[in-house]
Every structure is written in C-alpha cells, then in structure tokens.
1. Out of A:PHE10, A:PHE22, report the one residue that is more than 15 Å from the ligand (Cβ to nearest atom) and in contact (Cβ under 8 Å) with a residue 60 or more places away in the chain.
2. Can you tell which of A:LEU116, A:LEU86 is on the phi < 0 side of the Ramachandran plot, buried (at least 16 other Cβ atoms within 10 Å of the Cβ) and near the ligand (Cβ under 6 Å from one of its atoms)?
3. Residue under question is B:ILE283, and the condition is that it be open to solvent by less than 30 Å² (accessible area, probe 1.4 Å), more than 12 Å from chain A (Cβ to nearest Cβ) and not hydroxyl-bearing (Ser, Thr, Tyr); does it hold?
4. Just wondering, is there one or more residues in region A:166-188 that are within 16 Å of the ligand (Cβ to nearest atom), open to solvent by less than 60 Å² (accessible area, probe 1.4 Å) and touching a Gly at 6+ places or on another chain (Cβ under 8 Å)?
5. What about B:ASP173, is it over 21 Å from B:PRO100 (Cα atoms) and either in a strand (DSSP E or B) or away from chain A (no Cβ under 14 Å) (or both)?
6. Check region A:57-75 and report whether any residue there is away from chain B (no Cβ under 12 Å), under 21 Å from A:PHE176 (Cβ atoms), near the ligand (Cβ under 8 Å from one of its atoms) and among the hydrophobic types (A, V, I, L, M, F, W, C).
7. Here is a list of conditions, (1) in contact (Cβ under 8 Å) with a residue 60 or more places away in the chain; (2) open to solvent by 60 Å² or more (accessible area, probe 1.4 Å); (3) within 13 Å of chain B (Cβ to nearest Cβ), and A:TRP160 meets all of them except one; can you say which number that is?
8. Tell me which residues, restricted to region A:35-47, are within 9 Å of the ligand (Cβ to nearest atom) and in contact with a helix residue (DSSP H, G or I) (Cβ under 7 Å, 6 or more places away or on another chain).
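The values are calculated or read from the model by the stated rules, or taken from the named source; none is laboratory data. Computed from a predicted model, the values in this text were never measured in an experiment. A quick note on method: Cβ atoms are made from the backbone with ideal geometry, for glycine too, and the neighbour counts reach across all protein chains shown. Side chains included, ligands, DNA and RNA excluded: accessible areas come from the protein's heavy atoms. Shrake-Rupley method; radii C 1.70, N 1.55, O 1.52, S 1.80 Å.
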Amino acid sequence: MKLWIKPTVFVLCLVPSAWLVFALLTDRLGANPIEALTRETGEWTLRLLLLTLCMTPLRKAAGWGWPIRLRRMLGLFAFFYVCIHLSTYLWLDQFFDWGEIGRDILKRPFITVGMLAFVLLVPLAVTSTNAMMRRLGRNWTRLHRLAYVVPALGVLHFWWLVKADVREPLVYALLFVLLMLLRWKPVTLRFGRGLRSDRVSDRGQISNLSP
Amino acid sequence: MPLIRTTSDIQPSEITPESVYRERRRFMQAGLALSGAALLGGMSSAQASTVTLKGLTRSPLSTDEAQTEYKDVTGYNNFYEFGTGKEDPAANAHTLRTSPWSVTIEGECAKPGTYTLEDILKPHAFEERIYRLRCVEGWSMVIPWIGFPLADLIKRFEPTGNARFVEFETLHDPEQMSGQRWPVLQWPYVEGLRMDEAMHPLTLMAVGLYGAALPKQNGAPIRLVVPWKYGFKSIKSIVKIRFVEQQPVSAWMRATPEEYGFYSNVNPEVAHPRWSQSTERRIGDFLKRKTLMFNGYADQVASLYTGMDLRKNY
Ligand code: HEM
C-alpha cells in the first residue's frame, strides 16, 4: 500500500467529528443542535459502514491490495461515530433516564433496531485486533459476517424513523443492495473479470501509442 | 446555542430582547417592502411597519414565557411544500407569490365565494398572541403571532347547521412550492377542525409574527394557529376554507392513519407509535422539559373533549 493512503483516510475520517465539535461549540448546528448532532453522527456511521463494504469489491475489481487494509480502520471509525451517536441519545436526548430509555428500546422499533445494530457492532470492534483474528481463526470470519447485518439494520433504523420522506434512507438502501450484489457470484465473476481485462487492454493501448 | 451554555447560566429572557430587536429591524428592512402590502391590504409598507408594531394590543391569552429567537422561528420549520429538511423552507419559500392571494370559502355556509386576501382581512383588528407551539417531533417554541380569532372570520360567512367541521387547504402549485414536485404527502395539504374547536377563542388566524408580516416559510400570507394541538394542525398558506358535515381527512391521516389522527391534541400520555411524547426540547434550551397536557392550555380547552377517549381519538 502506498504509504500515504492510510494516514490520509484516517485524517479524513476524523474531519466530520472535528467539524461537529467545532460547530457545536460555535453555535453552527442550527436551532436544534442536539438533533443535528444525532443525525450527523448517525449518517456518518452508516456511510462508514457502507464504505467498509466497498473495500472488498474494490480490491476484486481493481486488483489493488490496499482497500482491504483500510477495512478495519473504516469499521472502527463507524464504531467511533456510533458511540458518539448513542452517547448523544443517552445523554443529551434522554439525560440518562433509564426507564424512558428502556421503554424506547422495547417500544420504538427504530430504536430497537438501532440498538441491535450497535450491540452487534461491539464484538466486531472488540475482535478487530490481529491477536483476536489469530485466536478466533475460522470463527473470526464467521463472526465478521455481521458486518453485512449491521448496515442492513442501520438502513432499517433510518427508514423507520423518517416521518414521510423516505428518499434518503432509500438511497442508502439501494447502495447497500448494490454492495451485496457485487458479492453475488455471477456478478463478481463478470464484474471482476470485466474490469481487470479493461485495465489490461488500457495498458496495451497505452504501450501501443507510446513510441 | 452553544453546548457549553446551560439554561442556568443565561436565561433566554435575558438575551431575547436585544437579538429580537436586531432581527426585527433587519426583517422589516428586508421583508416588509414585499409583504407589508399583502399584510394590510392597501396600506403602504412604511405605514404597515409602524402600525403592526405600535398599534398592536397584546392579547391576555398570551404566555409570558421567553420567546424563541426570531432566527429560529423563521429558520427551523416544517413546511413540506418547500422540502422536508428543517432549513429547506427558509431556503426555498422565496418562490411563493403571496400577492395577489385569495381564499375560497365553500360548503355549508350562506356566503360562499372567492375572496381577495384584503377582503378577508379588512374587518379584523389584529392583536399579538404569544403562544407555545409543540411539534409532534418533540420540540417546541414560543412565538409572538399576529392575527385575529378564526371565530370572527367564520361568523362572517354564516355557516349553516350542517357545518360540523371546517376543512382547510394549502395552496397546491408545484411551480411555486418546489416540495410538491415529489409525493411525500398527497397534495394539497389538508387540515380540519371540529366546529367548536374552530370557534374556540384560542384558535387564531395568523398573518404575522414578531411584529411584522409572516415570512413565507412560516405560512404567508395567512395561516392557522391552534396552540393546543401538534404543530402540523396549524395549516399554512391557506387558499380554501370549507364548511363540511363529515370529519375531514387530513394530509397526515391519509399518509399514516395509524400514527396521525384527526384530533392530534398535544398529549404527553399518548405516545406517537414511534417515539414518546412525554418530553420536549424547547428550542434554545439545553435540557428537555415535560410536555404539558394540551400544551398547557388544558384549562381553556379540556372541556371540548370531556367524555372522549383521548387514546382512541389521538
Ligand atoms: C449501527 C448503528 C446505527 C446506525 C447506522 C444509525 C444510523 C442513524 C441514521 C442514519 C439516522 C438518521 C439521520 C438523519 O435523519 O439524517 C439516525 C438517527 C437516530 N438514531 Fe441512529 N443509528 C445507529 C444506532 C442507534 C442507536 C444505538 C440509537 C439509540 C439507542 C440510535 C438513535 C437514533 C436517534 C434517536 C436518531 C434521531 C431520530 C430523529 O432525529 O428523529 N441510533 N441513526
């Protein structure tokens, strides 16, 4: 992997959170800053989860090795954002009113699903180290299939919380479906081969043109 | 509001007047040239600004709670006709043409017809009413409206004995209302009140806020304000008022009947199917507060609903 890629992505992933802290402290989040904070961190969690799912298709399609090495970092950043998201809810939204929080989790389907997504993300974050990977062996791969379940729950969570306008969650749902399709054998075979042979023929053309 | 400022540090009442004053001046300079004429019929905009500011009496039905800042009242709105984001209406509502404007009166009444806004407004004296507004989403504001009782308007058109409900409609024109180009709701927006709710002294036809004409994103040129019901009942930019016998089906009832009923009274005990209604965040406050029955207007309106199961009639 090119040396600069990983640090660059690391910094890029921090930008939204830095902006949010700055905006919060300087009154730039509008009339309802706590709602804005919840929404922004929720969306960034979902974006990062989907971005994580882009890495494998990207590697297969382009033949690059580096996307796979970003996967863990992107996943951990998704976890980072969901932690802020959840804390905002627990603290700034409910002020640790555990009775109310419990009722919310049991009775509000969108919260139930969000909470489930968070709970499933915790073991993924905990077992993301190399040592854990080695220790768990084949079970690690099995466990980390949850990386497909969590974004699906995230999309559902978003879908269920909007009042009428489902356009935004729909976009995320379609992206998720697309990313899953790219993992479907018939598609991978064609997509992967197609792109790679394009690259080869590109190179061929370029070398034909060059003197 | 910066997070680090807490309610106990700075009372909203300490900071509101100054900023309100500034905002109000800015608003009048920028906005009244456009809206003053529409607000007060034939009056020139210069006259309008002094009249609306000085000639207003404050209704005793007003609350003396700290008012929500002008920038929030006009910058954080639900008005799906201009987009579903809270900042969308302020950004997109400039395409609305509020003058000329007319309102059609229909149905069970002696004087149906299409009236110009000037005709609608002429006989009424405006007053300032400072009301709490509670959104179904769990936030609230305190807004100094300008308007007149809906009851006074209704009486002029002499509804018949069959008029048991009043139905209202918002303008439907996707050219002017960009949000209507997408069927988020079934357009036009429709709302309704039972006749006794419509005739209640708290029910207001609003034409302004903060001492000047209604900004477009707040439902110019004329809107309803029913302070004991969730905000979406207070329909904006009204073009039609119909007296009917059957209970109207509102836009939100049509969209999700299991979540929105006809009455939609503020009620901390009846949760929205997807979230609790027991607390609310007053815009500008850090801590949430308890939501009050009928949004704190129970003394005045609870009697309208005696004997009704408010869980069923949500
Ligand atoms: C992986 C887990 C999660 C993901 C991907 C996620 C994602 C999202 C997204 C995309 C939104 C909507 C943002 C918008 O409206 O623009 C949202 C809103 C929200 N989420 Fe989550 N979320 C997750 C977990 C949770 C958890 C655990 C809770 C609390 C128990 C929670 C509570 C909320 C709340 C209260 C809202 C705001 C609703 C509103 O403003 O109307 N979420 N989340």
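1. None of the other options fit; the residue is A:PHE10.
2. Testing whether each residue is on the phi < 0 side of the Ramachandran plot, buried (at least 16 other Cβ atoms within 10 Å of the Cβ) and near the ligand (Cβ under 6 Å from one of its atoms) leaves just A:LEU86.
3. no
4. Looking for residues that are within 16 Å of the ligand (Cβ to nearest atom), open to solvent by less than 60 Å² (accessible area, probe 1.4 Å) and touching a Gly at 6+ places or on another chain (Cβ under 8 Å), one finds at least one in region A:166-188, hence yes.
5. No.
6. For region A:57-75, residues away from chain B (no Cβ under 12 Å), under 21 Å from A:PHE176 (Cβ atoms), near the ligand (Cβ under 8 Å from one of its atoms) and among the hydrophobic types (A, V, I, L, M, F, W, C): absent.
7. (1)
8. A:THR38, A:GLU40, A:THR41, A:GLY42, A:TRP44, A:THR45, A:LEU46
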